[in-house]
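S.K.: Following this message is one structure expressed as structure tokens.
The numbers here are math on the coordinates, done by the rules we state, and not lab data. Since the structure is predicted, the reported quantities are computational estimates derived from the model, not experimental observations. Cβ: placed from backbone, ideal geometry, glycine included. Neighbour counts: every protein chain shown.
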Amino acid sequence: MSADGYAVCPRCLAAAEKKLAEQAEILANGYGTVSVDEYNEAVKAVNEGLGPEFEEGEYTGTMREDYEFYVRGNTLHVDYGAQCRVCNLTFNLNQEHTIWDGKS
Ligand SMILES: [Zn+2]
């Protein structure tokens, strides 16, 4: 059996949170001290989200996950891979675990 889906990329989420905090600071401190363009850009970013990965203010998954778990004989095979389509963060895990000691 195999499956795939999308998870929230931790690196992209951290970057988005940092950018959002910067925009919020511009809004909090910036009116009258930053250019109108900068201020309007901050308002737009906060109101509309920070990019295509945001939907209605929520960060959506950009990290594609593919995974497979199966038992063959006495062994559980765990095969997991994830890759972010935005920042290319990649993680892979391949493990085998003995599921029965052959005695008990
Ligand atoms: Zn990412």
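S.K.: If I model a spin label at residue 88 and residue 37 as a point 7 Å from the Cα along the Cα→Cβ vector, what separation in nanometres do I get?
M.R.: According to this spin-label approximation, the distance is 3.0 nm.
S.K.: Same structure again: Within a Cβ distance under 10 Å of residue 68, other residues only, what is the Lys/Arg minus Asp/Glu net charge?
M.R.: That works out to -3.
S.K.: So how do 76-84, 13-21 stack up, highest first, on mean other-Cβ count within 10 Å? Display every interim value, and only then the final one.
M.R.: Values: 76-84: 15.7, 13-21: 13.6.
In decreasing order of mean packing, 76-84, 13-21 become 76-84, 13-21.
S.K.: Multiplying the sequence separation of residue 67 and residue 80 by 0.36 nm and subtracting their Cα-Cα distance, what value in nm do you get?
M.R.: 4.3 nm
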